[in-house]
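As structure tokens, the structure follows; a few thoughts come after it.
The values are calculated or read from the model by the stated rules, or taken from the named source; none is laboratory data. All figures in this text were calculated on a predicted structure; none of them were measured in a lab. Here the Cβ positions follow ideal geometry from the backbone for every residue, glycine too, while neighbour counts run over all protein chains shown.
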């Protein structure tokens, strides 16, 4: 079944291959942010030592040099406020400024977490009524990234605008804009990450209130069904992403849960095609060579971080098979595109395989292709070239006219 408008998608693909976003260069999140977040592995047990150790591991494993530069502390770092209302870190984080200095000394950046509500999701201190104060505190500490999670502010919205969804959404917009203005007032560049689960089609209004990235869905988990559902639900959102503002399908689960090698490769491929933020969440102390090779594949990262700043989109679907295409920056006048062929089904395909459907991507005739994960040039191929994909598998290509 075809699930797209041919005229619309061919026009989008060809136009995107030849033009940029048309926006001025961004100094913050000009490409999708890359880093690591504490929640998936440590959850509420994260400590100062864990963050320092993670910073060391990001360097020693090569992840920093591969682009993973943000070390993000999620929920449960917060203490009480002092007599002046200034937020304090709790006993797990005795000196946040010293921690930021340590992270910076490793060539990395430090991220932190809060909520526009009175409490965070884990019921620690939120930023409601203290937005300017908290933003200035983060700036004084040397924070480079803020994840702002809706959490208890949902209750505030319902209380202030009962039975009025439009009114509740207006309050949500205002709350995120309030923290944006507070960050701007500090004068310190910070990546501003919205975590409000895609409510009110956030991709349409998030950039207008300062978002550098915004969650498009509920939380991810480390299983193939949830990961693939979230990734596939990004179809149609490509036009909202670009330098300085990105759709965020949530953190990477590569190396977590029961995802096997094939599923980890598919996960990394799908996020790269989506120009998604690459925020790892695995246990770096036990990272296997296989997981390290997936997370640090330079050619896959290059697709995610491509300077054209275009998110990929789905151009073909038939049964469990989908093809996604992502325009890449021209090289010496040769338009190129990343193409991913997925098998989201529960069984291996028959031997007829899956073709490229090049016309759906705006190509006429053959293309020159390279298999990215295999590191192999395929030469000139056309739709008669068939790919045999295992269950939950993918083939990732870079193709040129």
Counted residues, region 194-224 - those being outside any helix (DSSP H, G or I) and either without any contact (Cβ under 8 Å) to a residue 60 or more places away in the chain or more than 15 Å from the chain's Cα centre (by Cα) (or both) | 20
Among 358, 351, 389, 378, which is farther than 28 Å from residue 259 by Cβ and outside the structural domain of residue 226 (by TED's automatic domain parsing)?
-> 358
Odd one out for residue 257 among (1) under 14 Å from the mean Cα position of the chain (by Cα); (2) surrounded by fewer than 24 Cβ atoms within 10 Å (Cβ to Cβ); (3) free of Cβ contacts under 8 Å to residues at least 40 places away in the same chain | (1)
Listing of helices (runs of 4 or more DSSP H) fully contained in region 229-305 that carry 2 or more residues being in contact with a strand residue (DSSP E or B) (Cβ under 8 Å, 6 or more places away or on another chain) = 261-273, 298-304
Go through the residues of region 174-188 one by one and say whether even a single one is assigned to a loop (DSSP other than H, G, I, E, B), closer than 28 Å to residue 252 by Cβ, modelled with pLDDT of 95 or more and assigned by TED's automatic domain parsing to the domain that holds residue 246.
-> yes
